[in-house]
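Engineer: Quick one: the structure is below, and I'll ask about it shortly.
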Amino acid sequence: MHRRNIPTTYTEAREMLNGRTSRSIANNTALVELDDEGIGLRLHATYVVTFRPDGSIVLNSGGWHTVTTKDRLNRVARAHGWSVYAKARTWYVGRRSGAEFEFEDGFTIPARGPACMDARVEDHGSVLLVRPLTQNACAWLKENTDGMWFGSALAVEPPYVLNLVAGMREHGFTVEAA
């Protein structure tokens, strides 16, 4: 099977498995049922993509910053408006809108649709705005930060946004970069 046949959503992955627990879909690449976690896209021994039943997608390199790993990640990420790329040997994940984050294993592309989002990160150049979209996210931001609010959004300098987003995700919030 050709690498073009790599699924981009949980539903596509489920259809490709067609009732099986695993299936080879490209060179050294397989889909594997991961029980409640979802479906994993395994490259060699690393689950480079996990398709979750809620529609979110988790990206992992397993420390293997190779052309093939990046290819598998991008086959999925680009279908959702994201891209994994390298600059000066450092990997980044970016959104078509221009938002850019240093790539970290576990980066989650949220399920589509604003009803699923708790907060959105908006890139405004020298400052990023973290805009809470739910009351719980707003309350969490107010309790756990002491930053400046710009209207209904928290203004955050770029070096600090990754830790803030990671903290929100650790507390169960879904955060999207706009």
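The values are calculated or read from the model by the stated rules, or taken from the named source; none is laboratory data. What you see is a predicted model; the values in this text were computed from it and never measured. Glycine also receives a Cβ, built like all others from the backbone with ideal geometry; neighbour counts cover every protein chain displayed.
Engineer: Of these, Ala177, Ala153, Ala166, which one is at pLDDT 85 or above and over 29 Å from His44 (Cα atoms)? Give the derivation first.
Structural biologist: Values: Ala177 fails: at pLDDT 85 or above; Ala166 fails: over 29 Å from His44 (Cα atoms).
Only one candidate qualifies: Ala153.
Engineer: So, one more: From Arg78, Arg52, grab the single residue that is touching a Gly at 6+ places or on another chain (Cβ under 7 Å) and within 27 Å of Leu162 (Cα to Cα).
Structural biologist: Values: Arg78 fails: touching a Gly at 6+ places or on another chain (Cβ under 7 Å).
Criteria check complete, one pass: Arg52.
Engineer: Still on this structure: Quick test for you: out of Ala111, Ala139, pick the one residue that is touching a residue at least 40 places away in the same chain (Cβ under 8 Å) and not β-branched (Val, Ile, Thr).
Structural biologist: Values: Ala139 fails: touching a residue at least 40 places away in the same chain (Cβ under 8 Å).
Going through Ala111, Ala139 in turn, just one is touching a residue at least 40 places away in the same chain (Cβ under 8 Å) and not β-branched (Val, Ile, Thr): Ala111.
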